[in-house]
Amino acid sequence: MGAALLRHALAAQAEPLRSLPVISAGVSARAGEPMTEHSVTALKKVGVDTSRHSSRLLTQEMLDRAVLVLCMTESHRDMIEATAQRPPKNLYLFRELMRTGDSPEIADPYGGPLAAYEVSRDEMVEAIPSLIAFLKTQIGPPRRS
């Protein structure tokens, strides 16, 4: 859900952010799996289409090419740091850049009711502006068209 929400938000930005690839990959995902029905429904409710989503396993090449790597929980970050040949320098929790007193972790709603997926979605949506602001510092100024 995080990748779909960030991709959707970046589409409204100026270049080069608009064209920044956003890739979703899991630390223990099974490749080729569709998004859960509740994830699809939660995203559809906010106008985000995920019909082309397919899961994939995180690779070292993805980490090496990434401008930013986002995790939902500390355990995901710990797994990446422990297993990556070269841990990425910009490895953050999805909500970590918000700098609020709230927990930077987003609970995994997998297997829960639709309401749990909606809470996770809303926590991600709340973090999107801080992610875009950070990406602007990493990518450079917008290109004039």
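The values are calculated or read from the model by the stated rules, or taken from the named source; none is laboratory data. None of the values given here were measured: they were computed from a predicted structure. Cβ coordinates were reconstructed from backbone atoms using ideal geometry, including for glycine residues, and neighbour counts include every protein chain displayed.
Tally the residues that are outside any loop (DSSP other than H, G, I, E, B) and either among the polar types (S, T, N, Q) or in contact with a Phe, Trp or Tyr (Cβ under 8 Å, 6 or more places away or on another chain) (or both), restricting the search to region 55-74.
Let us first name the residues in region 55-74 that are outside any loop (DSSP other than H, G, I, E, B), namely 57, 60-65, 69-71, 74.
Subsequent filtering for residues that are either among the polar types (S, T, N, Q) or in contact with a Phe, Trp or Tyr (Cβ under 8 Å, 6 or more places away or on another chain) (or both) retains 60, 69-71.
Of the residues in that region, 4 qualify.
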Which of the numbered conditions does Glu33 fail, given that it passes all the others? Conditions: (1) at pLDDT below 95; (2) more than 22 Å from Gln13 (Cα to Cα); (3) in contact with a helix residue (DSSP H, G or I) (Cβ under 9 Å, 6 or more places away or on another chain). (3)
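Every residue in region 38-54 that is assigned to a loop (DSSP other than H, G, I, E, B) and either under 22 Å from Arg95 (Cβ atoms) or at pLDDT 95 or above (or both), please. It would help to see each step written out before you state the result.
Looking only at region 38-54, we keep the residues that are assigned to a loop (DSSP other than H, G, I, E, B), and these are 45-54.
Lys45, Val46, Gly47, Val48, Thr50, His53, listed by residue number.
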The residue that is modelled with the lowest pLDDT, considering only those in region 94-106 that are in a loop (DSSP other than H, G, I, E, B) and more than 20 Å from Ile23 (Cα to Cα), is Gly101
Pairs, first surrounded by 12 or more Cβ atoms within 10 Å (Cβ to Cβ) in region 43-61, second part of a helix (DSSP H, G or I), C-beta under 6 Å, six or more apart: Leu43/Ala4; Val48/Ala4; Val48/His8; Thr50/Ala4; Thr50/Val40; Thr50/Leu43
